[in-house]
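The values are calculated or read from the model by the stated rules, or taken from the named source; none is laboratory data. As the structure is a prediction and not an experimental result, all values here were calculated from the model. Methodologically, a virtual Cβ is constructed for each residue, glycine included, from the backbone with ideal geometry; neighbour enumeration extends over all protein chains shown. Calculation scope for accessible area: heavy atoms of the full protein, side chains included, ligands and nucleic acids excluded. Shrake-Rupley method; radii C 1.70, N 1.55, O 1.52, S 1.80 Å.
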Amino acid sequence: MNRPPASQFDQELLDLYDDYAHSRIGRRDFLDRAAKFAAGGLTAAALLEILSPNYAWATQIPKDDPRLKTETAEYDSPKGAGKMKGYLAKPAATTGKHPGVIVVHENRGLNPYIEDVVRRVAVEGYLAFGPDALTPLGGYPGDDEKGKDLQAKRKPEEITEDFVAGAQWLAKHPDCNGRIGVVGFCFGGGMANTLAVRLPDIVTAAVPFYGRQPAAEDVPKIKAALLLHYAGLDTRINEGWPAYEAALKQAGTKYEAFIYPNVNHGFHNDTTPRYDEASAKLAWSRTVEFFKKTLG
């Protein structure tokens, strides 16, 4: 089955799925409330399956792409889980040191979509690293629903420390020149903002995709340049943007922000119908250009 466009679904159903994907409602509640959208032989359960990630739709850079060298890397996170793992990718053809980019997953661990994004970053000439917040629970379990449940079991403050430690580790990696960027999606977008706050002397550039904004009082701590991507239909995340923008302006923080009209939260994730190809490609081209300008 080909990936159906978001326009095929009622916006209320897409918003309902967003509530389910972010654990604001459970599976049973989703199915009960989605039943009114079941038609044409489709059940509510079938709708959930269609709206959920399908990794057959996603791979843009193959795992064995000859342009890259990839590996599972381990690092220490003494204030977090202790020992962490992640997916590391770098250009195969070049030697010397590269700028580093941390890629932060959504609220379900290091799934194949995020691994693919790590490779997309690496083919642009960066040392790209995607830590897996589910490492202490056995790592991404191969299923997003289980991954979401596992990530919810971890303490948020410990996960934050794991990503802080991951950025510090990458900055000191022998293949890194010390210049660090971060790009994150959903939960990872919020984490990209957090890393910019927490590591002002390490993070040079941050690109949150539809991420929660930091507290206004923390914004003056940011030294990084910011490129902020928001989805026009994402009222849940966008409600925090006006206050964030006001704080950025007051602090004199260098930023660019784009709100992509008529697209949903998750529009960059090409494993679900919420993906919007035109907006995703535009946002990614802007991201690549931004990293070239800020990281080299």
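How large is ³J(HN,Hα), in whole Hz, for each residue of the stretch 219-231 in order, when computed from phi with the Karplus curve 6.51 cos²θ - 1.76 cosθ + 1.60 and θ = phi - 60°, using x for Gly and Pro?
4, x, 6, 6, 10, 5, 6, 10, 10, 10, 10, 10, 9
For the stretch 164-180, in order, what is each residue's ³J(HN,Hα) by Karplus, 6.51 cos²θ - 1.76 cosθ + 1.60 with θ = phi - 60°, in whole Hz (x at glycine and Pro)?
Here the 3J(HN,Hα) series is 4, 5, x, 5, 5, 5, 5, 4, 9, 4, x, 9, 10, 8, x, 8, 10 Hz.
Counting only the heavy atoms of the protein chains, how much of HIS22 is accessible to a 1.4 Å probe, in Å² to the nearest 10?
HIS22 exposes around 40 Å² with every protein chain in place.
Considering only C-alpha atoms, what is the centroid distance from the stretch 248-296 to the stretch 102-149, in Å?
19 Å
Between ASP32 and ASP175, what length in nm is gained on full extension when 0.36 nm per residue of separation is reduced by their alpha carbon distance?
On the way: separation 143, 0.36 × 143 = 51.48 nm, distance 5.13 nm.
The ASP32-ASP175 span can extend by a further 46.4 nm.
If the elastic network links every pair of Cα atoms under 10 Å, which of GLU49, GLU106, GLU161 fluctuates the most in the Gaussian network model of the chain?
Comparing GLU49, GLU106, GLU161 in a Gaussian network model of the chain, the most mobile one is GLU49.
Just to make sure I understand: if all protein chains stay in place, what is the order of SER7, SER23, SER52, SER77 by accessible area at 1.4 Å, largest first? Show your work: numbers first, answer last.
Working: SER7 105, SER23 65, SER52 25, SER77 0 Å².
Largest accessible area first, the residues go SER7, SER23, SER52, SER77.
Run the helix sum for the chain: -39,500 (n - 2.57) per DSSP H stretch of 4+ residues, divided by residue count, reported at 222 nm to the nearest 500 deg cm²/dmol. The partial results should precede the final answer.
On the way: 10 runs with 109 residues, N = 296.
That calculation yields -11000 deg cm²/dmol at 222 nm.
What does the accessible area of ILE102 come to, in Å² to the nearest 10, when a probe of 1.4 Å is used?
Probe radius 1.4 Å; accessible area of ILE102 about 0 Å².
What nm distance separates the two modelled labels at LYS97 and THR43, each placed 7 Å from Cα along Cα→Cβ?
Going from the LYS97 label point to the THR43 one covers 5.8 nm.
What spacing in nm lies between the two simple spin-label points modelled at THR235 and ASP15, each 7 Å away from Cα in the Cβ direction?
So the label points at THR235 and ASP15 sit 0.4 nm apart.
Cut-off 13 Å, label point 7 angstrom out along Cα-to-Cβ of ALA246: give me the residues of the stretch 208-227 whose amide nitrogen falls inside.
216-217
Give the ranking of THR194, THR72 by solvent-accessible surface, highest area first, calculated with a 1.4 Å probe. Intermediate results must be reported in sequence, preceding the final value.
Values: THR194 45, THR72 100 Å².
Solvent-accessible surface, decreasing: THR72, THR194.
Roughly speaking, to the nearest percent, how much of the stretch 124-242's 1.4 Å accessible area is carbon and sulfur?
Working: 2140 of 4310 Å².
Percent of accessible area from carbon and sulfur atoms in the stretch 124-242: 50.
Of LYS85/LYS254; LYS79/LYS292; LYS249/LYS293; LYS36/LYS146; LYS69/LYS292, which ones are farther than 29 Å apart at the Cα? Mind dumping the intermediate values first?
Values: LYS85/LYS254 32 Å; LYS79/LYS292 32 Å; LYS249/LYS293 21 Å; LYS36/LYS146 26 Å; LYS69/LYS292 21 Å.
Long pairs (Cα-Cα over 29 Å): LYS85/LYS254; LYS79/LYS292.
Give me the distance in nm between label points sitting 7 Å out from Cα along the Cα-to-Cβ direction at LYS221 and ASN54, one decimal.
The two pseudo-label positions are separated by 4.3 nm.
Full-extension gain between ARG24 and ASP201, please, as 0.36 nm times their residue separation minus the C-alpha to C-alpha distance. Don't skip to the end; give the middle numbers.
On the way: separation 177, 0.36 × 177 = 63.72 nm, distance 3.53 nm.
So the extension gain works out to 60.2 nm.
Angle between the Cα long axis of helix 277-294 and the longest principal axis of the chain, 0 to 90 degrees, nearest 10?
10 degrees
Write down the accessible area per residue of the chain in Å², having rolled a 1.4 Å probe over the full set of protein chains.
The answer is 44 Å² per residue.
Local charge sum around ALA34 (other residues, Cβ-Cβ under 13 Å, Lys/Arg +1, Asp/Glu -1)? Walk me through the numbers on the way to the answer.
Working: positive: ARG27, ARG28, ARG33, LYS36; negative: ASP10, GLU12, ASP15, ASP18, ASP19, ASP29, ASP32, GLU49.
With Lys, Arg at +1 and Asp, Glu at -1, the neighbours total -4.
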